[in-house]
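The values are calculated or read from the model by the stated rules, or taken from the named source; none is laboratory data. Since we're looking at a predicted model, the values are computed, not measured. Because the Cβ atoms are built from the backbone with ideal geometry, glycine has one as well, and the counts that use them run over all protein chains shown.
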Amino acid sequence: MTIMTGLALAGCTTENPFFSEFENQYGIPPFESIKPEHYMPAFKEGIKQQQAEYDAIANNKDSATFANTIEALELSGRLLQKVSGVFFNLYSAETNEKLDTIANEVSPLLSEHADNLYLNDAIFARVKSLYNNRENLQLNQEQNRILEKYYKNFVRSGADLNPADKEKLREINKKLSLAELTFGQNLLADNNAYQKFVTDKEELKGLPESVVQSAAEAAKAAGQEGKWLFTISKASFMPVLQYGENRALRKELLLAWANRSDNNDANDNKAVIKQILQLRIQKAKLLGFETPADFILDNTMAKTPEKVYEFLASVWQPALNQAKKEAAELQKMMDAEGKGEKLEAWDWWYYAEKLRKAKFDLDEEAIRPYFKMENVRQGAFDLAGKLYGLKFKQLTDMPKYHADVEAFEITDADGSLIGIIYTDYFPRPGKRAGAWMSNYTEQLYRDGKNIRPVIVNVGNFTKPTSDKPSLLSMDDVQTLFHEFGHALHGLLSQTTYLSLSGTNVVRDFVELPSQIMENWCFEPQVIKTYAKHYQTGEVMPDEMIEKIQKAGTFNQGFVMTELLSAAILDMDYHSLKNADNLDVNTFEKASMEKMGMIPEIIVRYRSTNFNHIFAGGYSAGYYSYTWAEVLDADAYQAFVETGDIYNKEVATAFRKNILEKGDSEEAMKLYLKFRGKEPNPAALLVKRGFIN
Ligand SMILES: [Zn+2]
C-alpha cells in the first residue's frame, strides 16, 4: 500500500498548524491558532502533495491492483482534506472578508486539482483495467462498490473524452465553480445588506414581547438604540409574518426575503443564473447527456428526470388541492374581519397562526418556553441513547471557533469512542442562513485504525437574550432533530473507505437518516423527556402535547406546495436544453403557471435566492427531500408497527443496515435489508394528512 507520509515541506513555516498533526486526542482542529494566512499555503502544499501521490500512482511500473490504485487514491490528499475540512466549514459558519477572498482564490485551484485526477489518462487506464476485470479480483462488497464508484466518477468527469473536449471541460468547470461562488456571495451580501429599522412601536402590534425585545437589542447593537431592527434572517422576520398585525410591515419583510438578489443591483443573481445554466448544459452535452438533469440524475436512486417528474406529479396535485382548501379557510377568516381584503402571500402565516389557535388553541409562543435549546438538544441526545445506546458527555476544554459553539464526546454502549459533535446554533453575520450538518474529519480506516469523525451541527435558531435562554419554535425543534439525524449518519459510520463513509451517499438517500428523526421529535413519549418549562422545570402538560399532535397535519398543503413548487422549478431549469435566451423571472413565472400554482403561495425559494440548486449542490435534486420523506415515513412505520417507537431490534437493524453502511451498497439494497420490502409512497400522503 502506498501511503505517503512525511513528504518534505519545503518552504513552509513550522507555525502553520495545518503542517503538523492536530495534537488533540480526537483530531479536533486547533481553531484558536489557525489564522487566515495559514490557509493558502496549506491549500497549495496540500494540492502539491496530493498531485505527487497521483503521479506516483500514474507512474507505477507494476500493473494495477486494487491496493496500488484504488486504495492509494483513497488514502491520498491528507493535508488537503485537513485544510479543506476547516476552511469550508468556517467559510459557511464564520466567514469574513479575508475568508471570502481565499474562497475566490482557492476554488478554481481546487476544481483544477480535481480535474487533474479525473482527466489523468494513466490513472484512468488503471482504474478502467481494474473495473473491466472486477469479476476476477476477489473483492469484498465495499471494495467492489468503491471500484465502481471511482470508475463512474472518472467517466462522469470526462476521463473518456478526447483531449480537446477534456480541455473544454476544464474551462467549463473553472468558470462554473466561480459562477456558483458568485451566486452564494451575492446572496449572502444581500441578506446582510437588508435592515429594517422600525421607529414607531405601534407598527409592532401583535408581536410577542420576546420578539420586540430581540428587535430592540438588535437595533441597539447596530447603534440605533430606541428603534427595532428586523433582518431577513428567518428568526427575525418569521415572527412578524406570524403575529404582526401591521400588514404593510409583513408585506415589506416577506418581499424583501423573496426578492433577495433580484433587485437589479450589484448583488443581483439573474445574469449569474443564466451563466450557470449555460455552463451546466454545455457540460452535460459534452458528457453525452441531453440536459443537466439527465446527467445529474444518472447518479441517484431516481436515475432519470422522467422518474422524478412522475414522482413529483403524484404528490403535487394532492398537496395543491389541500393548499386550496386551506386558502379558502383563511379567506373565510379574513372575510369575517370585514376589511374586504383578499388573502395575499404575506397574510398566509398570520391567518394560519390565528386559525391554528382557533382550531387547536395552539399558541406557538406559549409552547416556546418548553423548548429551551439545551433541553431540546438533550432530548435528541437521549433519543439516540434509547435507540442506539449512545452516551454524550460535554467537553468544556476543546478548541472552539466561536463562543457559541459547544462540543460533546459520544461513546457507544460498550464505552468505545463514536466521535465528536460540535453544536453551533445561533445566527450571526458571517454565518449563512439555514441549518446544516458537516464534518471536520470523517470516519475511515487508516493504517488499520478506525478513525472516528468530528461532526458539526449548525443552525440559526433564536438567540438567547439578556434575560431569556434560547427558546425554540416547533420548526426549530424539528430542524435540530433533523440535523442531528445527519450527524448520526456521519458518527455511526463503520466503513473502511472514506468515499463510502457516513453521508457520502447518493443525494436522494441522504435525507432518510435526518428526516426519520423528525418522526420522533413530537411523539408524546419523546417530547416529555425534553420539553420542560425553562423557568419552572414543569414538563409540558398533556393537553399541550395533545394539541401539538393534533396540529401535526395543519397547514401541510401550504408547506408541501411551497416545497414541491421549488422542486419542480429546479427540475424545469435543469431540463433546459438551451439557456441562451433565458429570462429568469419570465421562466420562473411560466414554470409556476404551468403547474397551476396559486398566487397566495410564493415558491419556497425564488430563482435568484435558490442557493441549494445554484450554489449548494442540490441542482436537479431539490425533489430529494420529498423522495426521502417517502423513505422516512415508511421506515418509521417499521418502529410503529411493533407498538414500540424505541424498539431495539428495529433500531439495531436501522443502525446496522443504514447508519453504519454509508454508501457501501446501492441505497435500495440497504433499504431492503432493513425493511424487507420497498418503501410505499402512500406513507407520505398519510403522514401529511392528504389521505387517510
Ligand atoms: Zn437534511
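On inspection, Glu649 qualifies as out of contact with any Pro (no Cβ under 8 Å at 6 or more places or on another chain) and closer than 24 Å to Phe509 by Cα. For the stretch 618-655, residues that are free of Cβ contacts under 8 Å to residues at least 60 places away in the same chain and outside any helix (DSSP H, G or I) total 6.
Could you tell me whether any residue of the stretch 132-145 is surrounded by fewer than 18 Cβ atoms within 10 Å (Cβ to Cβ) and either of a type in the set (Val, Ile, Thr) or closer than 19 Å to Gln50 by Cα (or both)? Within the stretch 132-145, none of the residues are surrounded by fewer than 18 Cβ atoms within 10 Å (Cβ to Cβ) and either of a type in the set (Val, Ile, Thr) or closer than 19 Å to Gln50 by Cα (or both).
Of all residues in the stretch 462-475, those satisfying the criterion of being more than 16 Å from the ligand (Cβ to nearest atom) and either touching a strand residue (DSSP E or B) at 6+ places or on another chain (Cβ under 8 Å) or not basic (Lys, Arg) (or both) are Thr462, Pro464, Thr465, Ser466, Asp467, Pro469, Ser470, Leu471, Leu472, Ser473, Met474.
Report, by residue number, each residue of the stretch 402-423 that is surrounded by 16 or more Cβ atoms within 10 Å (Cβ to Cβ) and either part of a loop (DSSP other than H, G, I, E, B) or within 16 Å of the ligand (Cβ to nearest atom) (or both). If the condition is that a residue be surrounded by 16 or more Cβ atoms within 10 Å (Cβ to Cβ) and either part of a loop (DSSP other than H, G, I, E, B) or within 16 Å of the ligand (Cβ to nearest atom) (or both), then Asp404, Val405, Ile421, Thr423 are the ones that fit. When Lys342 is tested against the conditions (1) free of Cβ contacts under 8 Å to residues at least 12 places away in the same chain; (2) part of a helix (DSSP H, G or I); (3) over 23 Å from Gln549 (Cβ atoms); (4) of a type outside the set (A, V, I, L, M, F, W, C), the lone failure is (2).
Might you let me know whether the stretch 573-583 holds any residue that is out of contact with any Pro (no Cβ under 9 Å at 6 or more places or on another chain), more than 16 Å from the ligand (Cβ to nearest atom), modelled with pLDDT of 95 or more and more than 27 Å from Gly621 (Cα to Cα)? Checking the stretch 573-583: not a single residue is out of contact with any Pro (no Cβ under 9 Å at 6 or more places or on another chain), more than 16 Å from the ligand (Cβ to nearest atom), modelled with pLDDT of 95 or more and more than 27 Å from Gly621 (Cα to Cα). Screening Ala380, Ala336 for residues that are in a helix (DSSP H, G or I), of a type in the set (A, V, I, L, M) and more than 32 Å from the chain's Cα centre (by Cα) leaves exactly one candidate, Ala336.
Based on what the data block shows, is Arg655 of a type in the set (D, E, K, R) and under 30 Å from Leu279 (Cβ atoms)? Spelling it out, it is not the case that Arg655 is of a type in the set (D, E, K, R) and under 30 Å from Leu279 (Cβ atoms). Taking the stretch 594-608, which residues are farther than 15 Å from Tyr623 by Cα and not aliphatic (A, V, I, L, M)? Within the stretch 594-608, Lys594, Gly596, Pro599, Glu600, Arg606, Ser607, Thr608 meet the criteria. On the stretch given as the stretch 433-461, residues that are touching a Gly at 6+ places or on another chain (Cβ under 9 Å) and within 15 Å of the ligand (Cβ to nearest atom) total 10. Looking across the stretch 295-307, the residues that are touching a residue at least 24 places away in the same chain (Cβ under 8 Å) and not hydroxyl-bearing (Ser, Thr, Tyr) come down to Phe295, Ile296, Leu297, Asp298, Asn299, Met301, Ala302, Pro305. All conditions in (1) at negative phi; (2) buried (at least 22 other Cβ atoms within 10 Å of the Cβ); (3) more than 16 Å from the ligand (Cβ to nearest atom) hold for Ile613, with the sole exception of (3). Answer with yes or no whether Leu130 is of a type outside the set (Val, Ile, Thr) and more than 30 Å from Asp268 (Cα to Cα). It is true that Leu130 is of a type outside the set (Val, Ile, Thr) and more than 30 Å from Asp268 (Cα to Cα). Could you tell me whether the stretch 385-396 includes any residue that is within 16 Å of the ligand (Cβ to nearest atom) and either surrounded by 17 or more Cβ atoms within 10 Å (Cβ to Cβ) or not charged (D, E, K, R) (or both)? Scanning the stretch 385-396, I find no residue that is within 16 Å of the ligand (Cβ to nearest atom) and either surrounded by 17 or more Cβ atoms within 10 Å (Cβ to Cβ) or not charged (D, E, K, R) (or both), so the answer is no. Could you tell me whether the stretch 452-461 includes any residue that is touching a helix residue (DSSP H, G or I) at 6+ places or on another chain (Cβ under 9 Å), closer than 30 Å to Gly537 by Cβ and surrounded by fewer than 18 Cβ atoms within 10 Å (Cβ to Cβ)? For the stretch 452-461, residues touching a helix residue (DSSP H, G or I) at 6+ places or on another chain (Cβ under 9 Å), closer than 30 Å to Gly537 by Cβ and surrounded by fewer than 18 Cβ atoms within 10 Å (Cβ to Cβ): absent. Being modelled with pLDDT of 95 or more and touching a Leu at 6+ places or on another chain (Cβ under 9 Å) holds for only one residue in Ile47, Ile102, and it is Ile47.
In the stretch 494-518, the residues that are within 25 Å of Thr304 (Cα to Cα) form Cβ pairs under 6 Å with partners that are among the aliphatic types (A, V, I, L, M) and within 11 Å of the ligand (Cβ to nearest atom), at six or more places apart or across chains, as follows: Thr503/Val510; Glu511/Ala628; Leu512/Ala628; Gln515/Ala628. Going through (1) crowded, with 19+ Cβ neighbours inside 10 Å; (2) not in a helix (DSSP H, G or I) one by one, Glu290 falls short only on (1). Residues of the stretch 194-230 that are in a loop (DSSP other than H, G, I, E, B) and in contact (Cβ under 8 Å) with a residue 40 or more places away in the chain: Tyr194, Lys205, Gly206, Pro208. Considering only residues in the stretch 634-659 that are at pLDDT 95 or above and within 22 Å of the chain's Cα centre (by Cα), the one that is farthest from Thr503 (Cα to Cα) turns out to be Tyr636.
Can you list the strands (runs of 3 or more DSSP E) lying wholly within the stretch 433-506 that have 1 or more residues being within 17 Å of Met517 (Cα to Cα) and touching an Asp or Glu at 6+ places or on another chain (Cβ under 6 Å)?
Where strands (runs of 3 or more DSSP E) fall fully within the stretch 433-506 and carry at least 1 residues being within 17 Å of Met517 (Cα to Cα) and touching an Asp or Glu at 6+ places or on another chain (Cβ under 6 Å), they are 436-441, 454-458.
Going through (1) within 22 Å of Val456 (Cα to Cα); (2) hydrophobic (A, V, I, L, M, F, W, C); (3) not in a helix (DSSP H, G or I) one by one, Leu90 falls short only on (3). Within the stretch 419-454, the residues that satisfy the criterion of being among the hydrophobic types (A, V, I, L, M, F, W, C), over 15 Å from the mean Cα position of the chain (by Cα) and over 14 Å from Ile28 (Cα atoms) are Phe426, Leu444.
Among the residues of the stretch 515-563, which ones are among the charged types (D, E, K, R) and either under 25 Å from Ser624 (Cα atoms) or within 16 Å of the ligand (Cβ to nearest atom) (or both)? Passing the criteria: Glu518, Glu523, Glu562.
Would you be able to say whether some residue in the stretch 204-211 is of a type in the set (A, V, I, L, M, F, W, C), touching a helix residue (DSSP H, G or I) at 6+ places or on another chain (Cβ under 7 Å) and over 19 Å from Glu353 (Cα atoms)? Scanning the stretch 204-211, I find no residue that is of a type in the set (A, V, I, L, M, F, W, C), touching a helix residue (DSSP H, G or I) at 6+ places or on another chain (Cβ under 7 Å) and over 19 Å from Glu353 (Cα atoms), so the answer is no.
Does the stretch 144-172 hold any residues that are under 12 Å from Asn120 (Cα atoms) and among the aromatic types (Phe, Trp, Tyr), and which are they? Once the filter is applied, which keeps residues that are under 12 Å from Asn120 (Cα atoms) and among the aromatic types (Phe, Trp, Tyr), the stretch 144-172 yields only Phe154.
Would you please name the residue that is farthest from Trp436 (Cα to Cα), looking only at residues in the stretch 478-514 that are in contact with a strand residue (DSSP E or B) (Cβ under 6 Å, 6 or more places away or on another chain) and near the ligand (Cβ under 10 Å from one of its atoms)? The qualifying residue farthest from Trp436 (Cα to Cα) is His486.
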